[in-house]
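Single-structure report; data block below.
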Amino acid sequence: MLDVADLHAAYGRILALKGITLRVETGEITALVGGNGAGKTTLLRCLSGVHPVKSGRVTFHGDEITAFPAHARVAAGIAQSPEGRQVFGPLSVEDNLRLGAFRRGRADTEAGLDRVYGMFDILKTKRHLQAAGLSGGQQQMLAIGRALMSGPRLLLLDEPSMGLAPLLVDQILAAVVALKAQGVTVLLVEQNASAALSIADRGYVIETGRIAHSGTGLALLHDPAVREAYLGV
Ligand SMILES: Nc1ncnc2c1ncn2[C@@H]1O[C@H](COP(=O)(O)OP(=O)(O)OP(=O)(O)O)[C@@H](O)[C@H]1O
Ligand SMILES: [Mg+2]
């Protein structure tokens, strides 16, 4: 579905991505794991079109989208749930969700709300409350729900488990697995490597802007080098 070839990206003169090559297969969960500052967020931002690419190619469903602006990527079926959730605090839960569907018509928006509320019933209960009043886990559900409102084929999730208690981490990851069952393809970025790899079909380990390891989620979970560096065992 998504093909990334030799992608480079920088902040000024500092190279953050030094030739990233990876694939995301349709219907799968692909995990991208790695430590602080490895380049995970930069890659997702290049894929959603909010950070410029220096060189390399991004192909989505066979179409080269490397130069597409962000809104054209949403139209093509790519949605991102950003690091740190970035919900609109003063707005209601439901208005946050409706913003995720700004391109879509009324019927699709209402169907999207039903889908998100079916997945996260706490968001339905709190739909008229300010997003700022939600707990961290609920805000994460809202960020994922808002991304889903555009009806994406590919969902980019940046550290959905960050800062959450273990029980909530499990709940969020279960939601990711449920999305896969609904046919959504997911690229899941996580510092929590064991959690991400255990639900992933395929995984990549990124170190200082380069892919250091790749394989099935299971193979990476059992790879001694990955275990030592990222799983604390
Ligand atoms: N706005 C910025 N200006 C300058 N350098 C940046 C900026 N954002 C990120 N970087 C640098 O780019 C590199 C990659 O950062 P990035 O945020 O993509 O890493 P990450 O893997 O998402 O890390 P984390 O797990 O902490 O979220 C790091 O060296 C970082 O310091
Ligand atoms: Mg990051």
Cα-based convex hull volume of region 36-77 per residue, rounded to whole Å³: 78 Å³
Under a 5 Å amide H to amide H cut-off, with H placed in plane at 1.01 Å, what residues pair with Tyr204 once short-range neighbours are removed? Ala31, Leu32, Val33
Using the Cα centre of region 100-233 as the reference point, and only Cβ charges (+1 on K/R, -1 on D/E), how large is the resulting charge dipole? Debye, rounded to the nearest 20. 560 debye
Note: region 136-232, point scatterers on Cα, Debye, no solvent; log10 I/I(0) at q = 0.11, 0.14, 0.16 Å⁻¹ equals -0.33, -0.53, -0.69
Region 59-93-region 108-161 distance, computed between alpha-carbon centres (Å): 15 Å
Log10 I(q)/I(0) at q = 0.13 Å⁻¹ for the chain, from Debye over equal alpha-carbon scatterers, is -0.75
How do Tyr117, Tyr11 rank by accessible surface area computed with a 1.4 Å probe, from largest to smallest? Tyr11, Tyr117
What does the accessible area of His222 come to, in Å² to the nearest 10, when a probe of 1.4 Å is used? 120 Å²
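The values are calculated or read from the model by the stated rules, or taken from the named source; none is laboratory data. Here the structure is a predicted model, which is why all the values come from computation and not from measurement. No Cβ is skipped: glycine too gets one built from the backbone with ideal geometry, and neighbour counts run over all protein chains shown. Each accessible area value is taken on the protein alone, full model and side chains, heavy atoms only, with ligands, DNA and RNA left out. Shrake-Rupley method; radii C 1.70, N 1.55, O 1.52, S 1.80 Å.
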